[in-house]
1. Quick one: of Lys248/Lys286; Lys159/Lys371; Lys261/Lys286; Lys158/Lys286; Lys101/Lys217; Lys101/Lys147, which pairs are farther than 30 Å apart, Cα to Cα?
2. For the range 2-234, count all C-alpha to C-alpha pairs, find those more than 33 Å apart, and express that count as a whole percent of the total.
3. Between Gly368, Gly360, Gly329, which gets the highest mean-square fluctuation from a Gaussian network model of the chain, Cα cutoff 10 Å?
4. Could you work out [θ]222 nm for the chain from helices alone, using -39500 (n - 2.57) per DSSP H run of at least four and dividing by all its residues? Round to the nearest 500 deg cm²/dmol.
5. Distances longer than 29 Å among the Cα atoms of the chain: what percent of all pairs is that?
6. Could you pull out every Cys in the chain that lacks a partner Cys with its beta carbon under 4.7 Å away?
7. Treat the count of other C-beta atoms within 10 Å as a stand-in for reagent exposure and order Cys12, Cys246, Cys155, Cys264 from fewest to most.
8. Near Lys33, which lysines are there with a Cα under 19 Å away, not counting those fewer than 8 places off in the same chain?
Amino acid sequence: MLVNADFHIHSCFSMASSKDMLIKNIAPKASQKGLQLVGTGDALHPGWLDIIEESTTYSGDGIYTTEDVDFVLTTEVEAKHRIHHVIIIPNLEIARELSQKLPSKNKAADGRPKTKLGGAELLELVREYDCLIGPAHAFTPWTGMYKSYDSIYDCYGKKPDFVELGLSADTDMADKVSELKDFPFLTNSDAHSPWPHRLGREFNQMEVEDISFSSIKHAIKHKDIKANYGLVPNLGKYHMTACTKCFKLIDPEIAKENKMKCSCGGTIKKGVDFRISEIADLNEPKHPDFRPKYVHVMPLAELIATVYDKGVTTKTVQRKWQTLIDGFGTEIDVLINASVEDIKKIDSSIVSAIESFRNGTIDVIPGGGGKYGQISFKKEPIRKEITLDNF
Ligand SMILES: [Zn+2]
Ligand SMILES: [Zn+2]
């Protein structure tokens, strides 16, 4: 069977995460997004594990179910050099035991625990518990594995199970790094709130025998991912090299010459686009045979917000989003599958935006420095890259 899975989210216990990130809110929203399987996130946090246990029914083999949505235990850990790792855990008992074993001082305080372990030590520890591990948002400049290492093997010592691409990268970018031909890529939302433009904004379509930890493990080990759905990479907040204070996009070479200091006094962070160009050993992407299609998406709620010129979380936008979902089933159906005529019957104002999305003519003001890229239908000047003349 084919399932849509988003393995990386955060609970209400993570820093900067919404207090609404509770199973009872995540499950119905996941369902509306067309996800059958969601990673719990924060599965080393004792309070979150209690909530998972209370709010779900155990379906066996590591799957916790409520409202037709299945959850598997996952967590993100911040390890040595501030590198983030995603871990998929077999069941609650193991999560509790691993939580005890992980050397960390803030396990009860933050849903994303910090540890001094290096990547290799963390890999060894979690493999003792039959977990799967890989780098989270592998190329991002604050906490991505490739910010500190030029090779994934230098971080882990041996081969981890997968690579999470992160919002600012896609398969074409990552497959310019030839060592990644041996890894399945995961595309996950890293959602900190249940809003529809966050939860499931990236997800994986996998071929599994059933929904169980064993089948998920089998699918990842055998690279049985059938499609990666992910943001257009320039919507990601670290796609381009930019200042983290004024968010100006800055030519990476000029940024380096200026020791990563912006003229405004802020710190410049290397974009994922540039970091990949540094570590890439291929000029063109070379996809291994098993690499599935990468389907570029944009959050439907953001398209609606742009069309109606209203905030994405306003009642108007959320109501219009809901009407489209009720009409077609899922966001992917609206964005990709539904006929223009049918969409017109429900919301004629959105039709030209959907058409622009489908034929790739939407302008995106690229993200960088921690600011998401923005969808734009007007031909406004794009945030200009700073050159030597205007730095
Ligand atoms: Zn992270
Ligand atoms: Zn600046």
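Quick note: the coordinates plus some simple rules give every number you see, no bench work behind them. Quick caveat, the model's predicted, so the values are computed rather than measured. Every residue, glycine among them, receives a Cβ derived from its backbone with ideal geometry; neighbour counts consider all protein chains shown.
1. Over 30 Å apart, Cα to Cα: Lys248/Lys286; Lys159/Lys371; Lys261/Lys286.
2. Numbers: 1906 of 27028 pairs.
Tail of P(r) above 33 Å: 7 percent of Cα pairs.
3. Looking only at Gly368, Gly360, Gly329, the largest GNM fluctuation is found for Gly360.
4. One gets -8000 deg cm²/dmol as the mean residue ellipticity at 222 nm.
5. Of all Cα-Cα distances in the chain, 42 percent exceed 29 Å.
6. Cysteines of the chain left without a disulfide-compatible partner: Cys12, Cys131, Cys155.
7. The order, fewest Cβ neighbours first, is Cys264, Cys246, Cys12, Cys155.
8. Lys24, Lys226, Lys315, Lys320
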